[in-house]
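Notes to accompany the following structure.
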Amino acid sequence: MPPLEPPNAHGAVHDVELGSPTQSDEPSPAFLHAQEAQQRLGEATQAAVGSLKSMSKREQLLALAVCSMVELIMAAQIYYDRPITAYEISLGAVSMTICALLVGKDVRGQPLDDDKHAKATAFLFAWWLAGVVVATFFGDFSTLAYANGFFFTWLSFIVSAVMYFNVSSFAQVAGASLSDKLSSNKYASLLFALVIASAVSVGSAIRPCHTGCSGLVGFALAVGIVSLLQTAVLLALGARVSNATMRGNALFLVAWWSAGAGTATFNTPFVAASNGYFAAVAALFCSVGLLRLAIHDE
């Protein structure tokens, strides 16, 4: 009979290579609470997306038309002679026109065939993907000074994305693959959220860097870049990262984002509510959640 591996300081036998507990370990209450919170957040997100996906094609087009109309009205209201503002007007105008034409055809009893509908939704998804980047990162809707413009640009993108994922087999396969990846590791969901938040933070810090990328503005950009690279590597490594290594990385991320979010949201460049503000705060909370999960997952 081979000798048993000696227990660790907590009396539990651990897998040496992966740092994961064996079946004899019972998860701590904190770990179970963290899992429950993640599950509830996932269920709420799935419910919101599911309600959009369950709509008929006409209902989805009408929802996008309404969101596009609000964005168009906001852009037209603040219009002044700048190319980027004209682009923001065209975002809502083109999207609303396409949706109106498609709904009108459906009302007349001439529904689109699947191929034409797929092409239309692919265009609308690409249209709003570009629009949300330009308008909410670099344009007039980069802060909540024009809240209708900010939120309805994002809503238009989300609705168009749901429409596209409903009809695109490529998007469905990619989504299923991502879901499998995130469910394969207990840290994956938080790491993925950190990757997204870090990328948004970097994108938001680029605009103020145009007038000088030194001081706190340069620091905000550096915080996002370092976090993006670190969390992307951890996510790619997956289960090969031991609990001890994850605790060390999570502790650094908490300290890093405490400094980054603290300076950026109290001073500059994210003192106003914006993509950068929400991303920095989200990254800090995700870092704390990651550390909490790593500490209590003994």
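The values are calculated or read from the model by the stated rules, or taken from the named source; none is laboratory data. As the structure is a computational prediction, the values presented were derived from the model and not from experiment. Here the Cβ positions follow ideal geometry from the backbone for every residue, glycine too, while neighbour counts run over all protein chains shown.
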Unmet requirement for SER95, which otherwise passes all of (1) farther than 30 Å from ALA145 by Cβ; (2) touching a Cys at 6+ places or on another chain (Cβ under 9 Å)
(1)
Applying the selection to the stretch 65-88, what residues are surrounded by 13 or more Cβ atoms within 10 Å (Cβ to Cβ) and either among the charged types (D, E, K, R) or not assigned by TED's automatic domain parsing to the domain that holds CYS99 (or both)?
GLU71, GLU88
ALA135 meets each of (1) free of Cβ contacts under 8 Å to residues at least 24 places away in the same chain; (2) crowded, with 21+ Cβ neighbours inside 10 Å with one exception, condition (1)
Among (1) of a type in the set (Ser, Thr, Tyr); (2) more than 20 Å from VAL288 (Cα to Cα); (3) surrounded by 14 or more Cβ atoms within 10 Å (Cβ to Cβ), there is one condition SER214 misses while meeting the rest; what is its number?
(3)
